[in-house]
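Q: Have a look at this one before I ask anything.
The values are calculated or read from the model by the stated rules, or taken from the named source; none is laboratory data. Remember, predicted model here, so these are calculated numbers, not experimental data. All Cβ positions, glycine included, derive from the backbone under ideal geometry; neighbour counts span all protein chains shown.
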Amino acid sequence: MGNIAYDFQIEKDDFERAGEASSKIKKILRQLGIDSGIIRRVAIAAYEVEINLVIHSLGGTISISIDPKSIMIIAKDIGPGIENVELAMKEGYSTASDKIREMGFGAGMGLPNMKKCADSFYIESIIGKGTIITMKMMLKDGE
Ligand SMILES: Nc1ncnc2c1ncn2[C@@H]1O[C@H](COP(=O)(O)OP(=O)(O)OP(=O)(O)O)[C@@H](O)[C@H]1O
Ligand SMILES: [Mg+2]
């Protein structure tokens, strides 16, 4: 398997298309014959990060790259940034509005789930600038 990379543009408040990028990612990985357990973890992490960009950010990009050893997901957005990353990482912490909660989001489980799904998880956020989340899932030999 060679190196493959895709970029997906995510728009703020675009609930119509929310989830599209992560389902495309899932499809790509299926076509590559990646292990279904790893696909599930990537799909969950990609979905959570995509929804967060729609709900909490001003928009951004999700990039996925696949090499013979690993899958890397990088989500980069253009603000507003996360004030307290340690707090945001806690299960149950959410700043989602009542309107967003009525839509079924805002349990405060997205970031902790991403961390659980990834073999490595790195988050960098600057107030007023944006957030970058880098996640990596290792592939088993021969996939
Ligand atoms: N890209 C982002 N930009 C700005 N703030 C963010 C971003 N992603 C997460 N946050 C902040 O971190 C909090 C926790 O995120 P997390 O995904 O864990 O929960 P949630 O999105 O509020 O709820 P859930 O994911 O369970 O629907 C959010 O409520 C928000 O305040
Ligand atoms: Mg979330």
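Q: Of all residues in the stretch 56-76 being small (Gly, Ala, Ser) and surrounded by fewer than 18 Cβ atoms within 10 Å (Cβ to Cβ), which is farthest from the chain's Cα centre (by Cα)?
A: Per the criteria, the residue is Ser70.
Q: Moving to a separate point now. Under 7 Å between Cβ atoms, which residue pairs at least 6 apart in sequence (or on different chains) link something in the stretch 125-143 that is closer than 9 Å to Gly79 by Cα and assigned to a strand (DSSP E or B) with a partner that is modelled with pLDDT under 95 and not acidic (Asp, Glu)?
A: Gly130/Gly79
Q: Further question on the same structure: Please determine whether any residue of the stretch 70-80 is part of a strand (DSSP E or B), aliphatic (A, V, I, L, M), more than 9 Å from ligand 1 (Cβ to nearest atom) and within 17 Å of Ala18 (Cβ to Cβ).
A: yes
Q: For the stretch 43-66, state whether one or more residues are more than 21 Å from Glu11 (Cα to Cα) and either aliphatic (A, V, I, L, M) or touching a residue at least 24 places away in the same chain (Cβ under 8 Å) (or both).
A: yes
Q: Would you point out the residue of the stretch 1-55, among those that are more than 13 Å from the chain's Cα centre (by Cα), polar (S, T, N, Q) and at pLDDT 95 or above, that is farthest from Asp119 (Cα to Cα)?
A: Across the stretch 1-55, the extreme among qualifying residues is Gln31.
Q: Moving on to the next point. Which residue out of Gly37, Gly81 is within 19 Å of Ser94 (Cα to Cα) and surrounded by fewer than 21 Cβ atoms within 10 Å (Cβ to Cβ)?
A: Gly81
Q: Going through Ala75, Ala88, Ala96 one at a time, which residue ends up being within 14 Å of ligand 2 (Cβ to nearest atom) and either of a type outside the set (A, V, I, L, M, F, W, C) or over 14 Å from Thr131 (Cβ atoms) (or both)?
A: Exactly one residue qualifies, and that residue is Ala96.
Q: Please verify whether Arg30 is part of a helix (DSSP H, G or I) and either of a type in the set (Gly, Ala, Ser) or free of Cβ contacts under 8 Å to residues at least 24 places away in the same chain (or both), treating the condition exactly as stated.
A: Spelling it out, Arg30 is indeed part of a helix (DSSP H, G or I) and either of a type in the set (Gly, Ala, Ser) or free of Cβ contacts under 8 Å to residues at least 24 places away in the same chain (or both).
Q: Can you list residue pairs whose Cβ atoms sit under 6 Å apart, with the first residue in the stretch 99-118 being touching a residue at least 12 places away in the same chain (Cβ under 8 Å) and the second being acidic (Asp, Glu)? Count only pairs 6 or more apart in sequence or on different chains.
A: The qualifying pairs are Gly110/Glu48; Pro112/Glu91; Asn113/Glu48; Met114/Glu48.
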